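Report on the following structure.
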Amino acid sequence: MKELAHISTNPSAKPDLQRLLHAVALGDQEAFAAVYDTVAGSVLGVARAVLRDQAQSEEVAQDVLVEVWRTAPRYQPERGSALNWILTLAHRRAVDRVRSVEAAAARETKAALLDISPPPPVVAEADALSEESDLPESLPLPWPLPLPEQAVRIRGRAAAAARRAVVRRIRVFIIFSC
């Protein structure tokens, strides 16, 4: 069995986080430095496990440690250990960041979908195209249409009736959208 290597000079000298958090709650900056040195790696590890992005993990870890400084008076030792309290803060903040990123992506997608504007009113062109003699072989459509209407772009006489139907739909759309 392998032995654990201790880096510090005194392997049994683990700081009492509960006592340190009480000192941090009273504004002791040295106690906060000790808390930081003790938990920063674990906080970063939790954030990294949730976020999987080093830069965002570092940001979340910094936010959590600032939150520990500000909210140390809220720590209640009877509800759990100080380390668990701090790591719970880290996990919740990392999950909040994931949700925030997902919500921002959803908002951008929704905004992009809503930004598609209908073509400008060209009723005269639609009327001119509605006559059979003026129909081109392949009707260029002014904006993307759903899949069945895109199939109308095929060439030949068989598609002429379908193109006329699309032109009528476009004309009705243009007339009622003005």
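On full extension, the segment bounded by K110 and R92 gains 3.8 nm, given 0.36 nm per residue less the C-alpha separation. Per-residue accessible area (protein heavy atoms, 1.4 Å probe) orders V95, V66, V35 as V66, V95, V35, starting from the largest.
If you take the Cα Rg of region 49-97 and divide it by 2.2 N^0.38 Å, with N the number of residues, what do you get?
Numbers: Rg = 11.2 Å, N = 49, 2.2 N^0.38 = 9.7 Å.
Taking N as the residue count of region 49-97, the ratio is 1.16.
Taking label points 7 Å from Cα along the Cα-to-Cβ direction, R19 and A49 give a separation of 2.8 nm. Compared with the direct C-alpha span, the chain from N84 to V66 gains 4.8 nm at full extension, assuming 0.36 nm per residue. Near A103, once Lys and Arg are set to +1 and Asp and Glu to -1 for all other residues with Cβ below 13 Å from its Cβ, the sum equals +1.
The values are calculated or read from the model by the stated rules, or taken from the named source; none is laboratory data. What you see is a predicted model, and the numbers here were worked out from it, not measured in a lab. We place every Cβ from the backbone using ideal geometry, glycine too, and count neighbours over all the protein chains shown. The accessibility values were calculated without ligands, DNA or RNA, using every heavy atom of the protein model including side chains. Shrake-Rupley method; radii C 1.70, N 1.55, O 1.52, S 1.80 Å.
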